[in-house]
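The values are calculated or read from the model by the stated rules, or taken from the named source; none is laboratory data. As the structure is a computational prediction, the values presented were derived from the model and not from experiment. Cβ placement follows ideal geometry from the backbone for every residue including glycine, while neighbour counts extend to all protein chains displayed.
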Amino acid sequence: MIKEIFKNLAAGKNVISKADLPALSAEEEKKLIDLQKGIDRIFGKSLRIRQVDAGSCNACEWECTALTNPVYDIQRFGIDFVASPRHADLILVTGPVSRQMELALKKTYLATPEPRIVVACGDCTIDGGVYKGSYAVTNGVANVIPVDYYIPGCPPSPGDLLSGFLKLLVTITK
Amino acid sequence: MIEKVLDKAVKTREHLNELYIEISKEHLKKVCMYLYENKDALLRLIFASDEREIDGSFRVYYVFSIPGVDRFFIPLISLKGDDLSFPSITELIPSAHWYEREIQDMFGLVPEGHPDPRRLLLHEAFPAQSHPLRKDWGISDDDLKEWGEGLARKEKNEFMKVEGEGVYEIPVGPVHAGIIEPGHFRFSAIGETIFFLEPRLFYTHKGTEKHFEGMSFTEGVRLAERVSGTSSFSHSSAYCMAVERMAGIEIPEKAKAVRTLLLEMERLYNHIGDIGNMCAGTGLAVGYSRGAVIKERLMQLNDRITGSRYLRGINIVGGVTQDIFIYAEDILSILDLVTKEYKGLMKLLLGTVSHVERLENTGRLSKDIAMKMGVTGVAARASGSNDDIRKAHTHLLYDRLVFEAHSSARGDVFARMMVRAEEAECSISMIEALFESSYQGGLAEEVKEIPQHASALGYSESPRGSLFYWVMSDKNGRPLRVKLRSPSFCNWPAVPFAVHGNIVPDFPLCNKSFNLSYSGCDM
Ligand code: SF4
């Protein structure tokens, strides 16, 4: 098996080379490098994120998922999405917080060890976005748990998320 | 035709391909059964609307379509006064069960004889006897607070219990391990084998239908685009189609072409992404990554041609905002590349025994159950159905394109992958074919005044299956009712049947093979 893998690697078979990937702009590449430096310094090379969908339309989550694809490959910076809030440094919330998700969001927040950072992703999380005023949403994450940082957009693109994380790092170090 | 089963004359109303048939409560079962059994009609959706401002009645509509006939048969009943119950047809047509429970939650109309009349959309902490889609509904701040806290039990809604030696329960969710939407699953397992699964969804219920009523029809497009992220364009197309049909607008040929093109682009990025995602369920990292790269390429293309990775901001009531055909070169060259990469991916997947073995015979859904439960889209076609709205009720430019409804009789996870694979290839050739002609007309038709109390259906075949909107205007030409029926609402109830007898660790794989939307289902 191991032999097989090395053989494939050597032959370049089934390996995605950088040249095959959709390109990132020079600006995005620079963002990535700055981001890495910040994470290395502040989080000891490891930032663990727990994503919680609190009633989003699902586009925001797909953009978070896209961060883990080979194009953005956010894991190479020591950032990863984890399965349990107990392993997380940061909670990334999406959605306007539907009433029926309020309790679950609070519980997830409380299960995350302190110091915890809450980042709200997407216009919905600011004031309910397009759902603002509906009886079934709470019009924003801050009405349910304290928010440290917002990344706006509907949805924010993977690039927006990267620059959001970067700015967040700058804010934290201040 | 219907007259045959009824003794007295019935009132019918025809609008485009919709035939509304007013019947009395007593005749409901007979008419539905006639359509369902004698005509093999598919139950597309059931919905209610509060039309008390017109004549003091609530109405319940049953939308059927008969295979091979481009027409919707819509028996409807009116409920007035104190007697707000209607006969349940769930025991005759099982796919009616969720619709009837939904109507009970949202309108307080009682489906009499329903085998499982528990709440569906509204969880236990929501006040009793409170029905959001009624026009005179309101809720106090205290009730809202308690609903959000989620601790009160205002109307009991117990999980079904499976008892017997060795049966134990595994509760999962609503917050899951991955980056996915929330929902609760209650497994009753015996050893590793799933005996029974009861999903409890609607955690992301956002009151979307009611929210539509507070907007104008033109503003509603923005909301329709945000019902289910990865089907944004299918939703906005179906919504716009419903409003346009209601207002009597015929959109220009060019707008039709743009919509057809982008519907197929949406299907393409979803299907390829889904095929890649299924690899996450079998631990095939290289397949997952390669799928994700192709998807990302398509998303970036979406962004370049429409300004949105999710194809938002193109549809408006009356047409579209941009001519996408000017990007022919970009689109066709990316498609060339994607075709190559995608063929390589499929070769890899089908050549990986460990992957294929996990897919074969897993999560089997029989045709019989799929049909009875009213399953739609890829899931239905992978279980032997050949229903595809693009063919059954052809619209936009689909009548000019050559394609077939791909279908497989296997019903397992493998079949769902293969149906997606075939459809993705088909979408590519449809997109290429669209570029071979030129199209007349402007981008959008002007929206005239919207008539009073008019109504119409709109539909599309989204990547997940058939999608319906039904809209009705009030006396001021604003929305009186916007009903949306997402394919996930039809398919969720079938998932427990597909996972029965599978092992718990295969559940994520089965679930991914359906790839249902929570947000779309929960509304
Ligand atoms: S911000 Fe936009 S994309 Fe994100 S969940 Fe809300 S509606 Fe969806």
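A count restricted to the range B:231-279 and to residues that are within 14 Å of residue B:462 (Cβ to Cβ), among the β-branched types (Val, Ile, Thr) and in contact with a strand residue (DSSP E or B) (Cβ under 9 Å, 6 or more places away or on another chain) stands at 0. Scanning the range A:121-141 for residues that are buried (at least 18 other Cβ atoms within 10 Å of the Cβ) and either more than 24 Å from residue B:215 (Cβ to Cβ) or of a type in the set (Asp, Glu) (or both) gives A:121, A:123. For the range A:94-117, residues that are hydrophobic (A, V, I, L, M, F, W, C), more than 11 Å from chain B (Cβ to nearest Cβ) and either in contact with a helix residue (DSSP H, G or I) (Cβ under 7 Å, 6 or more places away or on another chain) or more than 25 Å from residue A:39 (Cα to Cα) (or both) total 0.
Highlighted here are the strands (runs of 3 or more DSSP E) found entirely within the range B:12-91 that include at least 1 residues which are surrounded by fewer than 17 Cβ atoms within 10 Å (Cβ to Cβ): B:18-22, B:57-65, B:72-80, B:85-87.
Residue count for the range B:500-523 under the criterion of being within 14 Å of chain A (Cβ to nearest Cβ), within 21 Å of residue B:359 (Cα to Cα) and of a type in the set (D, E, K, R): the result is 1.
Taking the condition within 28 Å of residue B:118 (Cβ to Cβ) and within 14 Å of chain A (Cβ to nearest Cβ), does residue B:204 pass? In short, yes. Listed by position, the helices (runs of 4 or more DSSP H) enclosed by the range B:320-420 that each have at least 2 residues that are over 23 Å from residue B:506 (Cα atoms) are B:328-351, B:367-372, B:389-392. Being surrounded by fewer than 17 Cβ atoms within 10 Å (Cβ to Cβ), of a type outside the set (A, V, I, L, M, F, W, C), facing chain A (nearest Cβ under 8 Å) and outside any strand (DSSP E or B) holds for only one residue in B:148, B:178, and it is B:178. Under the condition of being free of Cβ contacts under 8 Å to residues at least 40 places away in the same chain and basic (Lys, Arg), the residues counted in the range B:359-377 number 0. Of the residues in the range A:50-60, at least one is within 16 Å of the ligand (Cβ to nearest atom), more than 18 Å from residue B:280 (Cβ to Cβ) and part of a helix (DSSP H, G or I).
Rundown of residues vs (1) surrounded by 24 or more Cβ atoms within 10 Å (Cβ to Cβ); (2) in a helix (DSSP H, G or I); (3) of a type in the set (S, T, N, Q); (4) over 17 Å from the mean Cα position of the chain (by Cα), yes/no style:
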position: B:451; (1), (2), (3), (4): no, no, no, yes
position: B:469; (1), (2), (3), (4): yes, no, no, no
position: B:472; (1), (2), (3), (4): no, no, no, yes
position: B:497; (1), (2), (3), (4): no, yes, no, yes
position: B:508; (1), (2), (3), (4): no, yes, no, yes
position: B:520; (1), (2), (3), (4): yes, yes, no, no
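Of all residues in the range B:271-298, those being over 17 Å from residue B:325 (Cα atoms), of a type in the set (A, V, I, L, M, F, W, C) and within 11 Å of chain A (Cβ to nearest Cβ) number 7.
Entry remark, the range B:149-174: residues being more than 19 Å from residue B:193 (Cβ to Cβ) and modelled with pLDDT of 90 or more number 1 in total.
If the condition is being within 18 Å of residue B:144 (Cβ to Cβ), away from the ligand (no atom under 16 Å from the Cβ) and over 19 Å from the mean Cα position of the chain (by Cα), then the range A:105-151 contributes only A:135. The one condition from (1) of a type in the set (Val, Ile, Thr); (2) crowded, with 22+ Cβ neighbours inside 10 Å; (3) farther than 23 Å from residue A:65 by Cα that residue B:306 does not meet is (3). Of all residues in the range B:208-232, those satisfying the criterion of being more than 14 Å from the ligand (Cβ to nearest atom) and within 8 Å of chain A (Cβ to nearest Cβ) are B:210, B:214. For first residues located in the range B:303-322 and within 14 Å of chain A (Cβ to nearest Cβ), partners that are in a loop (DSSP other than H, G, I, E, B) and of a type outside the set (Val, Ile, Thr) and lie 6+ apart or on another chain with Cβ distances below 6 Å form the pairs B:303/B:309; B:312/B:225. Condition check for residue B:137 on (1) surrounded by 13 or more Cβ atoms within 10 Å (Cβ to Cβ); (2) more than 9 Å from chain A (Cβ to nearest Cβ); (3) farther than 28 Å from residue A:154 by Cβ: one failure, at (2).
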